[in-house]
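J.: Quick one: this structure, given as structure tokens, is what I'll be asking you about.
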Amino acid sequence: MIEKEKPQRAYKAAWLLGLIILLGAVLRLIGIRFGLPMAYHNDEWVLVLATQQFFSGDFNPHNFLYPSFLMYIMYLVERIYFLFFSGRDDLSTLYVICRVTVVMFALATIWATYRLGRKLHDERVGLIAALLLTVSHLHVVNSHFATTDVPLTFFLMVTLWSSLLLLEKRSVKSYIIAGLLLGCTVSIKIPGAVVVVPILTAHLYAVAKTHQLNWLRILRQEWRACRRLLITACGALLLAVLVYLVLHYFEFWARPLLAIIRVELWIKFFDEIALRVHAMAPKLAALVFAGVMLLGYTVKLWWPEFNRILLLFALMLVAFFVTTPYAILDFKAFFHDFLFQMVISQSSWSGMFAEKAPGYITNMTYLRDDFGLVLLLTAGAGVVLGLVKRRIYAVVIFTFAITYYFYIGSWRLMFPRYMVPMLPLLGIWAGFAMVRGVEWLRGKLKHPVVSTSAASLLLALLLVYPGADMFRRSYSFDRYLLKTNTKKLAYDWAIEHLPKQALILREQYTPELELAGYPVHNVNFTFEDSVTVDYVHRHRADYIIVSDKLWKRPVQKDGVLSERKAYADIVNYADLIYHIKPTPQNPGPEIKIFKVKCDSTSAREPVR
């Protein structure tokens, strides 16, 4: 009887998963053409314009703010599309194809979440996790953009899956798979490298189990081996001193390096960066010392089958450089952008996060806003239940979550999208807690009607109501995308009223008039208030376009927040000729267009 029920359960689970994925596709495809031909996410152009360039035969992206694997995947999808349809020269078509590629990764992540939840627990947990990810507002929002966060989440999930295979099979093939997936994950986005932590955790556990190593006994023996510990300590101290000296004398080697590879942010803020590096020197030296001591102290645990770890890392490097080949072929550009990203990750993004709490706190509020407090607490209960049972699978997954969360939390850059990789795991933990709660109720309440009613009430409180609220917010976002944005209205007004030969000075989040053939100079008023009247006249600008997405960001100096002088000064040398604010019918940024004054120019009333 039980054997007959298994295929039926699998059949029902497959149908339910199919419906969940279909719902996910609908939520993510509604409004997929929003804003075109303009990009409403500042990172979309990095990938889309790279794919456009690939059609010329130049496969060097010349931009390494992100590795290039996703660019090549998007380009491949575009190539397949254009085998059957036209429109290769249409930028809007390229944007749609790249966005749809991200949607495909989103749907694949829903499937991977189900499989991971089923592997960790059972089909019920997998289905609940897949459903929660499907209606997640944060995941739905970022699935509409041609950016890296959703694809990264997919690769992280399948790489976590490969780490669980190391626990089961421990074959050379499983290490090959894990190494290649790890390299591909890093080639989507560099922070994906933290997934190496669960892989190493799985490896250490599997080695100890295979070789019947008693961790506690080995560690006690190593503690008594004073001579070996002393040698390890000397080596650790030597390396820590070396790290300290390299960082302490940062100016000595950094300036010649910047003469070879110029990074404007590093040059402009060199003294500030040097101070931060000096402050980090003792901390990193202590960290290196502790790390080397730990490696030496536990050498008998990780040394057996160390060759497999070497194989894994070798394949990771191969996968990374095959999918991001110009990291080697154009290493100067790659290193330039890598250094640039190092500075950006520790900046408040032109004051955007100046008033935010530290990342460890702010990122938790993003997760709470997405899942809701009830589901977030339920997920926390699922983590505790999994760790209390001491299941190694739960420990491996938890090592990734905690490492990723605290690594991203150390950044001063705190965009909500950085928490997207946490969503599938939150869904799995919440699903596990719900299933265990239902089983506990049925075990305690013997009467079928009472136990069923209690279980239904529990699921209504923990799943149905929070899930419905998540769906409502995701659907509201889709409806938002179908409305005409203020940026589009400002774009249409500018094309109608501004002369084509006029030079436009514009910043981010404003209409991309270069698409209509206008000469445009892109600026950032928030960058140390660097745009002044002299700057505007030196560049012979005729019009200035700014957005509240930037002018509302405060400037922080010596711990004091204030408004940015560059924006306040605009009215002294330019007239406001157009001003639009968002409304329920036309959401978006508040945009102002100024005409630079000439001696003969008189002030004009703004057009609303």
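J.: Could you work out [θ]222 nm for the chain from helices alone, using -39500 (n - 2.57) per DSSP H run of at least four and dividing by all its residues? Round to the nearest 500 deg cm²/dmol.
T.: -21500 deg cm²/dmol
J.: On a full-extension model of 0.36 nm per residue, what is the gain between Leu258 and Lys169, subtracting their alpha-carbon distance, rounded to one decimal in nm?
T.: Stretched out fully, the Leu258 to Lys169 stretch lengthens by 27.3 nm.
J.: On full extension of the chain, what length is gained from Asn60 through Asn42, given 0.36 nm per residue of separation minus the C-alpha to C-alpha distance?
T.: Gain in length upon complete extension: 4.4 nm.
J.: Something else: Between Phe335 and Met280, take the C-beta separation as r, use R0 = 25 Å, and let me know the FRET efficiency to the nearest 0.05.
T.: 0.80
J.: Any idea what the dipole of the chain comes to, in debye rounded to 20, about its Cα centre with Lys/Arg Cβ at +1 and Asp/Glu Cβ at -1?
T.: 2560
J.: So what does Lys119 come to for accessible area, using a 1.4 Å probe and Å² rounded to 10?
T.: Here the accessible area works out near 50 Å².
J.: Using the structure shown, select from Lys488/Lys581; Lys483/Lys592; Lys169/Lys189 the pairs with a Cα to Cα distance greater than 18 angstrom.
T.: From the list (Lys488/Lys581; Lys483/Lys592; Lys169/Lys189), the Cα-Cα distance tops 18 Å for Lys483/Lys592; Lys169/Lys189.
J.: At a Förster radius of 22 Å, what calculated FRET efficiency corresponds to the Cβ-Cβ distance of Ala516 and Arg33, to the nearest 0.05?
T.: With R0 = 22 Å, the Cβ-Cβ based efficiency is 0.75.
J.: Continuing with this model, one more query. Stokes-Einstein at 20 °C, 1.002 mPa s, Kirkwood radius from Cα pairs: D for region 117-159 in µm² s⁻¹?
T.: The estimated diffusion coefficient comes to 189 µm²/s.
J.: Projecting each Cα onto the charge dipole of region 208-254 (Lys/Arg +1, Asp/Glu -1 at the beta carbon, about the Cα centre), which of Ala254, Asn214, Leu237 comes out farthest on the positive side?
T.: Projecting each Cα onto the dipole axis, the largest value belongs to Asn214.
J.: Place +1 on the Cβ of every Lys and Arg and -1 on the Cβ of every Asp and Glu in the chain, take the dipole about the Cα centre, and give the residue among Val150, Gly117, Phe82 whose Cα lies farthest towards its positive end.
T.: Result: Gly117, furthest along the dipole toward the positive end.
J.: Taking only the alpha-carbon positions of region 31-87 and ignoring solvent, what does the Debye formula give for the base-10 log of I(q)/I(0) at q = 0.12, 0.25, 0.26 Å⁻¹?
T.: Each listed q corresponds, in turn, to -0.30, -1.13, -1.17.
J.: Further, regarding this structure: Over region 328-483, consider all pairs of different Cα atoms and compute the Kirkwood hydrodynamic radius from their mean reciprocal separation; express it in Å, one decimal.
T.: Hydrodynamic radius (Kirkwood, Cα pairs) of region 328-483 is 18.4 Å.
J.: Mind checking the full-extension length gain between Glu439 and Ser410? Use 0.36 nm per residue of separation minus the Cα-Cα distance, one decimal, nm.
T.: So the extension gain works out to 6.6 nm.
J.: For region 37-191, compute Rg over Rh where Rg is the Cα radius of gyration and Rh is the Kirkwood radius from the inverse mean 1/r over Cα pairs.
T.: 1.02
J.: Between Thr452 and Ile402, what is the label-to-label distance in nm when each label sits 7 Å out along the Cα-to-Cβ direction?
T.: 4.2
J.: Rank Ile30, Ile231, Ile593 by accessible area, highest first, at a 1.4 Å probe radius?
T.: Ile231, Ile30, Ile593
J.: Of all DSSP beta bridges in the chain, what percent run antiparallel (nearest 5)?
T.: For the chain, the DSSP antiparallel bridge percentage is about 65.
J.: Given the pairs Lys283/Lys356; Lys283/Lys552; Lys332/Lys500, which are separated by over 28 angstrom at their Cα positions?
T.: Lys283/Lys552; Lys332/Lys500
J.: Would you please report the Å³ per residue occupied by the convex hull of the alpha carbon atoms in the chain?
T.: Enclosed volume per residue, from the Cα hull, is 198 Å³.
J.: Hey, what's the Cα Rg ratio for region 125-251 versus the globular rule of thumb, 2.2 N^0.38 Å?
T.: Scaled against compact globular proteins, the figure is 1.50.
J.: Once the Cα atoms of helix 331-345 and of the chain are each reduced to a long axis, what angle between those two axes, in degrees from 0 to 90 to the nearest 10, is obtained?
T.: It works out to around 90 degrees.
J.: Hey, another quick one. Take the Cβ-Cβ distance between Tyr249 and Lys597 as r, set R0 to 45 Å, and report the resulting FRET efficiency rounded to the nearest 0.05.
T.: Given R0 = 45 Å and the Cβ-Cβ separation, E is 0.35.
J.: Okay, moving on. Work out Dmax and Rg for region 399-535 from the C-alpha atoms and quote the Rg first, both in angstrom.
T.: Spelled out, the Cα radius of gyration and Dmax of region 399-535 are 26.0, 82 Å.
J.: Once ligands and nucleic acids are excluded and a 1.4 Å probe is used, how much of Phe154 is accessible, expressed in Å² to the nearest 10?
T.: It works out to around 40 Å².
J.: What distance in nm lies between label points placed 7 Å from Cα along the C-beta direction at Lys12 and Asn307?
T.: Taking the simple label geometry, Lys12 and Asn307 are separated by 5.0 nm.
J.: Still on this model: Can you give the accessible area of Asp58 in Å² (nearest 10), computed on protein heavy atoms with a 1.4 Å probe?
T.: Near enough 60 Å² of accessible area.
J.: Modelled label-to-label distance, Leu19 and Thr210, 7 Å Cα→beta-carbon offset: nm?
T.: Placing both labels 7 Å along Cα→Cβ, they lie 4.4 nm apart.
The values are calculated or read from the model by the stated rules, or taken from the named source; none is laboratory data. In this text the structure is predicted, and so the values were computed from the model without any measurement. Neighbour counts are summed over all protein chains in view; Cβ atoms, including those assigned to glycine, are modelled from backbone coordinates with ideal geometry. Each accessible area value is taken on the protein alone, full model and side chains, heavy atoms only, with ligands, DNA and RNA left out. Shrake-Rupley method; radii C 1.70, N 1.55, O 1.52, S 1.80 Å.
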